[in-house]
Amino acid sequence: MLDIRFPIGLMFSIFGLIITIYGLATIGHDAMYVRSLGVNVNLISGICTLTFGLVMLFFSDPVRKLLKKKNV
Amino acid sequence: MDTKFALGGIDYLVMAVYFLFVLGIGWALKKYMKNASAFLEAGRSIPAWVAGLAFISTNLGALEVMGMTGSGLKYGMLTTHFYWIGAIPAMVFLALFMMRFYYGSKARSVPEYLKLRFNEKTRGLNAILFAVMTVLASGISMYALALLLENVLGWNFNISLFASAAIVLAYTYLGGLSSAIYNEVLQFFIIVIGLMPMAILVMSDVGGWSGLQTSLAPIVEGKGFAGDAWTSTWKYTASASGNPLGVAWYGIFAGLGFVLSFGYWCTNFLIVQRAMAAESMTAARKVPLIGAIPKMFIPFLIIVPGIAALVLMNDPLKGFALPMNNAGQPIYDYTIIMLLKQYLPAGVLGLGVTALLASFMSGMAGNVSAFNTVWTYDIYQSYIRPVTGNKDADDRHYLKVGKMATIFGVLVSIAAAYIASKFGNIMDFLQTIFSMINAPLFAVIFLGMFWKRSTGNAAFTGLLGGFLIALLHHGLSVPEGATTLVKGGWIAPLITYPVEMAQNFWTAIYAFSAATLLTVILSLLAKRTKTDDDLNGLVYSMTPKLDDSAVLWYKRPWFLAVIVGIIMIVLSILFW
């Protein structure tokens with residue numbers, strides 16, 4: 001059956017990517033981040049989400065199979 | 001207070017990605033749905049950790065998340081009793097002592113276990129009440145979702161309702177229980193990742209835990225409680241009046257920790273179904289324990305921010321307020337919405353909103369996927385099919401029935417959602433009534449599993465009797481200040497409780513006691529109807545002990561249970 005880690009990893013990697021890029025694009029937009037106590041919460045949260053997504057992807061069956069094939 | 005969010009294109013992009021994945025998972029699972037067992041029982045092939053996360057996710061619907069944050073504001077850390085004493089002992093008990101009978105008996109549902117252990121009519125009673133309860137719950141949650149989308153995102157109520165129903169229908173129709181479980185796991189991670197930035201920001205805004213304690217003291221003392229009443233769990237439970245929950249420690253122990261939580265976690269098929277879908281007996285027994293670990297930490301994500309909201313509300317500089325209802329009372333359920341709005345800029349806000357959307361939809365999908373199983377196996381296969389055709393017809397027929405039941409369940413939920421929008425009180429009332437079956441159901445299943453002498457007729461009478469006692473108690477008691485008969489006292493308001501929570505606890509305690517007494521007495525008066533052989537695999541003393549020696553010691557359910565117990569004790573002491 002489908003390994004759930006694959007869709008989870010893929011989805012959170014995409015989420016992470018979207019939000020990290022948005023965070024980078026909004027660096028210096030201080031007015032926007034007043035509500036989050038002056039922290040660029042998109043950048044931080046985006047990087048965390050992206051990391052989580054990539055870890056899940058790395059451990060998912062399809063990716064592990066792919067890596068194994070390449071090593072052989 | 002304006003509840004509208006100003007969402008940007010980025011937030012809609014995040015939401016769109018989520019919907020794409022939800023439907024994609026259903027699509028990817030479609031090819032595995034070859035027979036009824038694959039569709040309705042996930043083919044008993046789900047790994048323990050996936051089922052474990054789905055197990056707690058099912059309970060973490062959006063109404064629960066919103067309600068618990070609001071309760072954090074109203075009752076403080078005492079709300080964590082619902083996550084610690086009110087959940088963990090029951091989950092551990094289910095894992096160590098009950099799962100092997102649910103899983104090992106080859107029953108496909110909790111009502112079917114009742115049929116195998118007792119008789120057909122006990123199953124019938126449970127199955128029908130359960131089926132009605134699940135579509136009610138899914139309808140109420142659908143209504144709440146559409147209302148929220150209207151109030152918060154400014155979407156049209158009818159379109160929101162039908163669009164969310166269509167998405168839920170699409171993925172449960174395509175992938176059955178597997179699809180529901182996979183999406184619950186997805187939902188679990190989105191809730192954690194989507195709400196975490198808010199929880200961290202609100203806590204740093206109030207100066208961390210110690211800052212929260214300091215700022216709370218004068219506010220709480222103003223309400224007539226000790227300064228740390230909102231940040232303690234057991235400290236002020238010596239008397240009911242010393243804590244905001246209005247219940248003393250023995251009430252929390254017996255009412256919440258025993259009757260209500262065991263009735264919910266150990267017998268509610270919606271929950272147990274996740275563990276029954278596990279890939280092996282060992283996996284099934286580990287499911288509730290794996291779920292218990294994240295369960296214990298969820299309060300820090302949803303309850304603690306609610307407590308901090310009380311500080312924000314009392315600090316005019318923060319500009320934080322809850323929306324008011326027509327009677328001028330704050331709507332506590334909107335606490336988490338207003339916190340998201342307060343702290344999150346576009347981008348992460350999209351993730352937060354998606355987290356709420358996800359938990360609404362997976363709550364509905366959970367109900368629908370439990371409904372279609374009970375409908376197909378416990379109602380259709382045992383009552384309708386024997387009349388209309390061959391009882392043991394091919395499996396493909398039941399797959400079709402299961403799929404039809406999914407559509408039917410969603411349609412009835414939509415109808416229930418519209419009834420809830422017109423007659424909200426009636427729906428709340430019905431849900432209260434139907435949930436009263438849980439406590440007597442636990443009594444009957446507990447006696448069935450651990451006392452070989454209990455008989456089918458006694459169980460049926462116990463279940464029905466306990467349910468009627470619960471109804472009677474609800475009809476005779478009211479929580480103080482209740483304005484509608486929905487809250488009780490519809491026969492005569494003879495007993496008054498300080499808070500609704502206390503009334504709920506006592507309803508459950510009476511129902512449980514009545515069901516136990518009736519079942520025990522009637523069983524002793526009657527002859528046994530099942531032989532020892534019949535009860536093999538169904539009753540504790542009649543079933544050979546499980547041998548875990550082939551499993552590595554740190555992978556055994558007992559070992560996990562000890563870890564879960566230690567974490568709970570440490571948390572209780574830390575936040576005493």
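The values are calculated or read from the model by the stated rules, or taken from the named source; none is laboratory data. Keep in mind that what you see is a predicted model, and the values were worked out from it rather than measured. A quick note on method: Cβ atoms are made from the backbone with ideal geometry, for glycine too, and the neighbour counts reach across all protein chains shown.
Here are the numbers:
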{"item": "Residue match in segment B:227-241 (condition: of a type in the set (Lys, Arg), assigned by TED's automatic domain parsing to the domain that holds residue B:79 and not in a loop (DSSP other than H, G, I, E, B))", "result": "no"}
{"item": "Test for residue B:286: is it closer than 30 Å to residue B:555 by Cα and basic (Lys, Arg)", "result": "yes"}
{"item": "Residue match in segment B:551-562 (condition: free of Cβ contacts under 8 Å to residues at least 40 places away in the same chain, on the phi < 0 side of the Ramachandran plot and under 25 Å from the mean Cα position of the chain (by Cα))", "result": "yes"}
{"item": "Of all residues in segment B:168-200 being out of contact with any Ser or Thr (no Cβ under 9 Å at 6 or more places or on another chain) and over 25 Å from residue B:291 (Cβ atoms), the one that is surrounded by the most Cβ atoms within 10 Å (Cβ to Cβ)", "result": "B:174"}
{"item": "Filter result (crowded, with 19+ Cβ neighbours inside 10 Å and assigned to a helix (DSSP H, G or I)) within segment B:202-212", "result": "B:202, B:205, B:212"}
{"item": "Enumeration of residues in segment B:47-62 that are closer than 19 Å to residue B:363 by Cα, touching an Asp or Glu at 6+ places or on another chain (Cβ under 8 Å) and either among the aliphatic types (A, V, I, L, M) or within 14 Å of another protein chain (Cβ to nearest Cβ) (or both)", "result": "B:53, B:54, B:57"}
{"item": "Scope segment B:18-30; condition at the interface with chain A (Cβ under 10 Å from one of its Cβ atoms) and either polar (S, T, N, Q) or crowded, with 17+ Cβ neighbours inside 10 Å (or both); matching residues", "result": "B:18, B:21, B:22, B:25, B:28, B:29"}
{"item": "Number of positions in segment B:522-576 that are surrounded by 15 or more Cβ atoms within 10 Å (Cβ to Cβ), acidic (Asp, Glu) and closer than 30 Å to residue B:458 by Cα", "result": "1"}
{"item": "Some residue of segment B:203-210 being touching a Pro at 6+ places or on another chain (Cβ under 6 Å) and within 14 Å of chain A (Cβ to nearest Cβ)", "result": "no"}
{"item": "Residue A:63 vs. criteria more than 7 Å from chain B (Cβ to nearest Cβ), within 23 Å of residue B:189 (Cβ to Cβ) and outside any helix (DSSP H, G or I)", "result": "no"}
{"item": "One residue from B:271, B:252 being more than 23 Å from residue B:366 (Cβ to Cβ), touching a helix residue (DSSP H, G or I) at 6+ places or on another chain (Cβ under 9 Å) and in a helix (DSSP H, G or I)", "result": "B:252"}
{"item": "Selected residue (only one of A:54, A:2 is within 11 Å of chain B (Cβ to nearest Cβ) and either within 29 Å of residue B:51 (Cα to Cα) or part of a helix (DSSP H, G or I) (or both))", "result": "A:2"}
{"item": "Residue, farthest from the other protein chains (Cβ to nearest Cβ), within segment B:154-201, restricted to residues that are of a type in the set (Phe, Trp, Tyr) and in a helix (DSSP H, G or I)", "result": "B:157"}
{"item": "Segment A:5-50, subset more than 8 Å from chain B (Cβ to nearest Cβ) and among the polar types (S, T, N, Q), residue farthest from residue B:12 (Cα to Cα)", "result": "A:40"}
{"item": "Residue identified as touching a residue at least 60 places away in the same chain (Cβ under 8 Å) and within 14 Å of chain A (Cβ to nearest Cβ) among B:317, B:340, B:310", "result": "B:340"}
